[in-house]
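Notes follow once the structure below has been shown.
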Amino acid sequence: MLYILYNSNSKIGKNKRNIFKILFDAVKTFQDDNIRIKDIATTINKEESVKNINKQKDIIVIVGGDGTLTRLVDKFYKYIDLIPKVYAYKAGTGNDFIRNIIKSGYTYEHIKNKYFLINPFLENLPKVEINNETHIFLNGIGIGLDGFICKKVEEQRIKNGKQNFFRSSIQAFKEFKPYPKIEITVDGKTETLENVWLASIMNGKYYGKGMKIAPFADIKSNKLNLIVIDNITKFKLLFFFPTVYFGRHIKNKFVKSYVGNKISLKLYEKTYGQIDGEFQENITEATAYKDFKNKI
């Protein structure tokens, strides 16, 4: 059985023509016309879905960006040992998890540079405790400017059904004010930082549609990488920010990098955040960690 999973709320999922085009390509690629297509925006019975899957014979293709991947992985992570081969279909520019796989330096399996086998990269994913809930994440989580950008993107989607990341970023730059003070704890060591624009805890190097925010992060290591940008004026940040796409920002004095197994952020006021680009609000604390089992 070939399972095609997509999200009708995502940009690509709204275009039925594209979905059918990918469906036909997947049938041809995997040479299996015994298919089942599922919209993950609808309710999925986890136990029933896993029970019906044959780990040795079935194949799952996930069509969508990081939000779709994260939602599925978060929902089915406790069944990770029972699922068959899972391929992520590369569509658009928002596939930072695939980008992290490609740039990781590890061997990875792909077909036609479209279908990427992600099973080896789903082991020992990090977790984050935020707003009294625990979530799995793939690329990274953050509070501050990145969360505020996601808020603007979500507002735009609700308003007119469109998502313009660049326009939302500019609007967020204009409105966002840095935090006067936050507290970070990395493997038990606590530090207080002031005038903080963002604090991002990263599993991979990339997020935000190709921003190389954490150049030294390793998607398969037992560590997470915290990147903090603080003590910079809005004017300087506006001109400096494009260097994030190339990882050159890391050399500047207003960029701090920390590495650890467990990283916590504590704020003194409620704020905005994001988990793999999915907007979160009313955050006062966030703790991310890895339950690392098998070292590479």
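Roughly to the nearest percent, how much of the accessible area of the chain is carbon and sulfur, given a 1.4 Å probe? Intermediate results must be reported in sequence, preceding the final value.
Details: 7540 of 15150 Å².
That share works out to 50 percent.
Take peptides 35-41, 117-123 and line them up by average Cβ neighbours within 10 Å, highest first, as a rough protection proxy.
On the way: 35-41: 14.7, 117-123: 16.6.
Per-residue mean Cβ counts within 10 Å order the peptides as 117-123, 35-41.
Counting heavy atoms of the protein chains only and a 1.4 Å probe, report the per residue accessible area for the range 2-121 as a whole number of Å². Working shown, then result.
Working: 6430 Å² over 120 residues.
For the range 2-121, the solvent-accessible area averages 54 Å² per residue.
Quick one: P(r) of the range 127-289 from all Cα-Cα pairs, 5 Å bins, percents rounded to integers, in order of increasing distance.
Calculated over all Cα pairs of the range 127-289, the distribution is 2, 9, 19, 24, 23, 15, 6, 2, 0 percent.
As I understand it, the dipole of the range 2-121 uses +1 on the Cβ of Lys and Arg and -1 on the Cβ of Asp and Glu, about the Cα centre. Which of ASN18, THR29, TYR108 lies farthest toward its positive end?
Among ASN18, THR29, TYR108, the one farthest towards the positive end of the dipole of the range 2-121 is ASN18.
Based solely on C-alpha atoms, express the radius of gyration and the Dmax of the chain in angstrom.
Taking only Cα atoms of the chain, I get Rg and Dmax of 19.2, 58 Å.
The values are calculated or read from the model by the stated rules, or taken from the named source; none is laboratory data. It should be emphasised that the depicted structure is a prediction, and the values quoted were computed from it without experimental measurement. Cβ: placed from backbone, ideal geometry, glycine included. Neighbour counts: every protein chain shown. Only protein heavy atoms, including side chains, enter the accessible area calculation; ligands, DNA and RNA are left aside. Shrake-Rupley method; radii C 1.70, N 1.55, O 1.52, S 1.80 Å.
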